[in-house]
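Here's the structure we're looking at; comments come further down.
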Number of protein chains: 2
Amino acid sequence: MDFNNLLHNLDFPTAPDGLYEPIVYTLASGGKRLRPQLVLLGSQLFDGQEQDVQPAALAIEVFHNFTLLHDDVMDKADVRRGRPTVHVKWNENTAILSGDQMLIEAYKLLSQVSEDKLPRVLQLFNQMATAICEGQQYDMDFESREDVAIDEYIQMIRLKTAVLLGYALRIGAYIAGADDQQQQSLFDYGINIGLAFQIQDDLLDVYGDPATFGKAIGGDILCGKKTFMLLTAFKKASSEIRQELQQTLLRTDMTNNEKISAVTAVYDMLNVRQDAEKFIQHYTDNALLCLQQLPLNEANNRLRELAEKLSERKR
Amino acid sequence: MDFNNLLHNLDFPTAPDGLYEPIVYTLASGGKRLRPQLVLLGSQLFDGQEQDVQPAALAIEVFHNFTLLHDDVMDKADVRRGRPTVHVKWNENTAILSGDQMLIEAYKLLSQVSEDKLPRVLQLFNQMATAICEGQQYDMDFESREDVAIDEYIQMIRLKTAVLLGYALRIGAYIAGADDQQQQSLFDYGINIGLAFQIQDDLLDVYGDPATFGKAIGGDILCGKKTFMLLTAFKKASSEIRQELQQTLLRTDMTNNEKISAVTAVYDMLNVRQDAEKFIQHYTDNALLCLQQLPLNEANNRLRELAEKLSERKR
């Protein structure tokens with residue numbers, strides 16, 4: 001199922017173009033289309049028909065892109081996937097309104113789910129959407145706090161990132177006829193790979209190879225973003241080292257490279273990387289255990305490979 | 001059916017409070033609750049059961065309040081219903097994200113519609129939501145244009161304001177079992193009172209009595225807002241008067257009262273009020289004609305009174 005093609009063929013009106021052009025632009029920006037693939041895999045795991053999950057798969061991808069659009073406004077991000085963000089290319093009002101319309105478009109796609117499945121799919125989708133907004137709220141709250149614990153961080157990324165993967169799989173499985181227990185195991189797999197994925201992302205921001213990682217390293221450090229790496233460093237450091245680290249992050253008299261090197265040196269000293277790798281392995285192991293509760297078939301193999309690949313992403 | 005009470009009793013989570021407090025604040029700000037009343041009237045017109053339309057009625061009111069929240073961000077409005085807007089009381093990111101969650105809450109309420117009605121109600125709701133976003137886009141587009149024709153303006157307010165009334169009624173009627181033709185007549189009534197209402201609003205901004213109108217007059221004039229009044233003045237004026245009027249609107253060396261008086265004087269001279277009253281009467285007459293195609297009962301009486309009241313709003 002070619003999701004890039006299906007998204008490209010979504011027929012949006014041409015007027016008002018100020019509303020729809022940014023939507024087309026956002027959906028054309030590429031990306032791995034992981035989430036709709038997960039809807040499909042969830043269905044294939046239970047021998048479902050692909051056309052039965054197509055509307056939900058597209059709805060989830062459109063929803064995901066809506067969250068990126070609004071997040072970029074809230075984070076004041078200028079670039080995404082190498083292109084100007086919508087509020088830069090157009091303006092902020094456009095980013096807000098076109099984002100709103102994207103969310104509505106996601107529900108329009110969802111309404112094409114077969115009538116017998118629609119009530120429950122809508123309910124799951126709404127739970128998913130709520131979780132993402134709650135996660136984003138916690139992420140924003142953390143910006144002004146100096147005392148964020150690791151488990152709070154995990155709770156935040158669970159909501160903001162992992163839940164979407166869990167529900168994508170679950171919705172695919174539900175439509176294909178999986179029972180509640182099977183849906184739950186698959187959902188748990190999704191949560192666990194989501195957590196592993198995000199912590200891996202945090203690790204690669206510091207230790208990744210820009211060539212394979214796809215973006216420059218140290219971006220999170222420069223933003224002072226409260227990632228797994230930084231929060232682990234705060235936790236492990238003496239109060240003296242912690243204070244120094246906090247001050248380094250705020251300094252404006254260093255070059256970017258100097259700052260990244262300085263912070264990375266503290267991470268090296270505290271062996272933060274090891275903590276990250278332990279957590280990633282833990283969540284990956286959980287995910288693989290979940291798969292053992294599920295039908296063993298080609299889709300299961302692919303989900304296993306996905307989990308293994310996520311925890312081995314190139315440095 | 002006490003909509004204020006029902007909205008007050010919607011149980012939102014307490015955490016994260018940064019996400020949910022602004023939603024509670026927005027829904028507590030009062031308002032006439034016209035839109036859910038219309039859902040109920042649409043149902044009563046066809047002898048429907050009130051509990052059958054309660055979820056949809058609440059969904060539409062929550063949706064309406066979501067549009068106000070995001071509109072206030074886009075319009076940079078500081079006050080609504082005498083209280084600070086959400087982006088002023090909290091901040092802009094909160095207004096965006098809590099608005100997003102409000103839209104999701106509307107769909108959560110909608111998902112409580114009975115299963116046999118849900119697919120069509122969802123479809124109608126999505127059409128309605130799309131129309132409002134399109135209307136808001138046109139309204140924003142008009143800000144930078146000097147050549148907006150009256151019929152373009154009518155098309156914009158049809159989408160931005162009137163359609164919500166039409167669909168509120170239609171959804172109530174559909175749930176109560178009205179057929180397509182009946183739904184259409186009721187929808188048309190809603191569109192017509194919506195248009196009458198908005199033009200009346202534009203008129204009252206210039207000629208209203210602040211005491212009965214509920215807000216100061218001349219706000220639209222000071223913003224240079226392209227209302228029915230201004231666009232009619234542009235259309236009727238000689239190019240000399242039009243240019244003078246455009247310049248007056250841009251002047252920064254007049255007091256507010258001076259500007260309002262100057263523009264009102266031009267409106268008086270061009271008898272813009274008469275045009276507005278003619279349009280209001282025309283749409284009200286259309287609305288009353290639509291009611292004659294519908295069951296004649298207590299609900300129909302109330303809809304007739306509503307139409308008549310809208311076109312007689314105190315000056």
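The values are calculated or read from the model by the stated rules, or taken from the named source; none is laboratory data. Computed from a prediction, not measured in an experiment: that's the story for all the values here. Ideal geometry is used to build each Cβ from the backbone, glycine not excepted, and the neighbour counts take in all protein chains shown. Note: areas computed on protein heavy atoms with side chains; ligands, DNA, RNA excluded. Shrake-Rupley method; radii C 1.70, N 1.55, O 1.52, S 1.80 Å.
Going by the structure shown, is A:Ala77 within 18 Å of the chain's Cα centre (by Cα) and either farther than 20 Å from A:Asn5 by Cβ or of a type outside the set (Ser, Thr, Tyr) (or both)?
Values: within 18 Å of the chain's Cα centre (by Cα): yes; either farther than 20 Å from A:Asn5 by Cβ or of a type outside the set (Ser, Thr, Tyr) (or both): yes.
So A:Ala77 passes the test.
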Q | Count of residues meeting criterion [within 13 Å of chain B (Cβ to nearest Cβ) and open to solvent by less than 10 Å² (accessible area, probe 1.4 Å)] in segment A:153-165 | A | 1
Q: Examine segment A:18-25 for a residue that is away from chain B (no Cβ under 14 Å), buried (at least 21 other Cβ atoms within 10 Å of the Cβ) and not hydrophobic (A, V, I, L, M, F, W, C), and state whether such a residue exists.
A: no
Q.
List the residue pairs whose Cβ atoms are under 6 Å apart, where the first residue sits in segment B:209-224 and is modelled with pLDDT under 85, the second is assigned to a helix (DSSP H, G or I) and not polar (S, T, N, Q), and the two are 6 or more positions apart or on different chains.
A. B:Phe213/B:Leu204; B:Ala216/B:Pro210
Q: Quick one: in segment A:103-128, of everything that is more than 7 Å from every other protein chain (Cβ to nearest Cβ) and among the aliphatic types (A, V, I, L, M), which residue is nearest to A:Val24 (Cα to Cα)?
A: A:Ala106
Q.
So for segment B:130-141 (the condition being open to solvent by less than 60 Å² (accessible area, probe 1.4 Å) and not in a helix (DSSP H, G or I)), does at least one residue qualify?
A. no
Q.
Filter segment B:73-100 down to the residues that are open to solvent by 10 Å² or more (accessible area, probe 1.4 Å) and of a type in the set (Asp, Glu) and list them by number.
A. B:Asp75, B:Asp78, B:Glu92
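So which of B:Arg120, B:Arg35 ends up being under 15 Å from B:Gly166 (Cα atoms), open to solvent by 10 Å² or more (accessible area, probe 1.4 Å) and charged (D, E, K, R)? Talk me through it step by step, then tell me what you get.
Values: B:Arg120 fails: under 15 Å from B:Gly166 (Cα atoms).
Within the list B:Arg120, B:Arg35, the selection yields B:Arg35.
Quick grid of which residues meet (1) out of contact with any Ser or Thr (no Cβ under 7 Å at 6 or more places or on another chain); (2) in contact (Cβ under 8 Å) with a residue 24 or more places away in the chain:
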{"residue": "A:Thr67", "(1), (2)": "yes, yes"}
{"residue": "A:Asp71", "(1), (2)": "yes, yes"}
{"residue": "A:Met74", "(1), (2)": "yes, yes"}
{"residue": "A:Pro84", "(1), (2)": "yes, no"}
{"residue": "A:Asn91", "(1), (2)": "yes, no"}
{"residue": "A:Gly99", "(1), (2)": "yes, yes"}
{"residue": "A:Ile104", "(1), (2)": "no, no"}
{"residue": "A:Leu109", "(1), (2)": "yes, yes"}
{"residue": "A:Glu115", "(1), (2)": "yes, no"}
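Please work out which residue is nearest to the chain's Cα centre (by Cα), limiting yourself to segment A:84-94 and to residues that are more than 9 Å from chain B (Cβ to nearest Cβ) and within 29 Å of B:Ile60 (Cα to Cα). So that I can check it myself, show each step before the final result.
The first filter runs over segment A:84-94 and keeps only residues more than 9 Å from chain B (Cβ to nearest Cβ), leaving A:84-91.
Pick out the ones that are also within 29 Å of B:Ile60 (Cα to Cα) and you get A:86-87, A:91.
Details: A:Val86: 19, A:His87: 21, A:Asn91: 25 Å.
Selected residue: A:Val86.
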Q) Any residue in segment B:76-83 that is at pLDDT 95 or above and within 13 Å of chain A (Cβ to nearest Cβ)? A) no
Q.
Based on this model, can you work out whether B:Arg313 counts as at pLDDT 95 or above and either on the phi < 0 side of the Ramachandran plot or outside any helix (DSSP H, G or I) (or both)?
A. no
Q) What is the number of the single condition among (1) free of Cβ contacts under 8 Å to residues at least 12 places away in the same chain; (2) open to solvent by less than 30 Å² (accessible area, probe 1.4 Å) that A:Ile150 does not meet? A) (1)
**Q.** Single condition B:Gly42 does not satisfy, out of (1) in contact with a Phe, Trp or Tyr (Cβ under 9 Å, 6 or more places away or on another chain); (2) of a type outside the set (S, T, N, Q); (3) within 16 Å of B:Leu103 (Cα to Cα)
**A.** (3)
Q: Might you let me know whether segment B:278-289 holds any residue that is more than 21 Å from B:Gly166 (Cβ to Cβ) and open to solvent by 90 Å² or more (accessible area, probe 1.4 Å)?
A: yes
Q. Looking only at residues in segment A:46-58 that are free of Cβ contacts under 8 Å to residues at least 60 places away in the same chain and under 22 Å from A:Pro295 (Cβ atoms), which one is surrounded by the fewest Cβ atoms within 10 Å (Cβ to Cβ)?
A. A:Gln51
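Checking the structure you have, find out if any residue of segment B:59-68 is within 25 Å of A:Glu21 (Cα to Cα), open to solvent by less than 10 Å² (accessible area, probe 1.4 Å) and either in contact with a helix residue (DSSP H, G or I) (Cβ under 7 Å, 6 or more places away or on another chain) or more than 10 Å from every other protein chain (Cβ to nearest Cβ) (or both). Talk me through it step by step, then tell me what you get.
Kept after step one, since they are within 25 Å of A:Glu21 (Cα to Cα), are these residues of segment B:59-68: B:63-64, B:66-68.
After this cut, where a residue has to be open to solvent by less than 10 Å² (accessible area, probe 1.4 Å) as well, the list is B:63, B:66.
Narrowing the set further to residues that are either in contact with a helix residue (DSSP H, G or I) (Cβ under 7 Å, 6 or more places away or on another chain) or more than 10 Å from every other protein chain (Cβ to nearest Cβ) (or both) leaves B:63, B:66.
Taking every residue of segment B:59-68 in turn, at least one turns out to be within 25 Å of A:Glu21 (Cα to Cα), open to solvent by less than 10 Å² (accessible area, probe 1.4 Å) and either in contact with a helix residue (DSSP H, G or I) (Cβ under 7 Å, 6 or more places away or on another chain) or more than 10 Å from every other protein chain (Cβ to nearest Cβ) (or both).
Can you name every residue in segment B:170-229 that is within 30 Å of B:Ser43 (Cβ to Cβ), part of a helix (DSSP H, G or I) and either acidic (Asp, Glu) or open to solvent by 60 Å² or more (accessible area, probe 1.4 Å) (or both)? Break it down stepwise before answering.
Narrowing segment B:170-229 to residues within 30 Å of B:Ser43 (Cβ to Cβ): B:170-201, B:214.
Narrowing further to those that are part of a helix (DSSP H, G or I): B:170-175, B:180-201.
Listed by number, the residues that qualify are B:Asp180, B:Gln181, B:Gln184, B:Asp188, B:Asp201.
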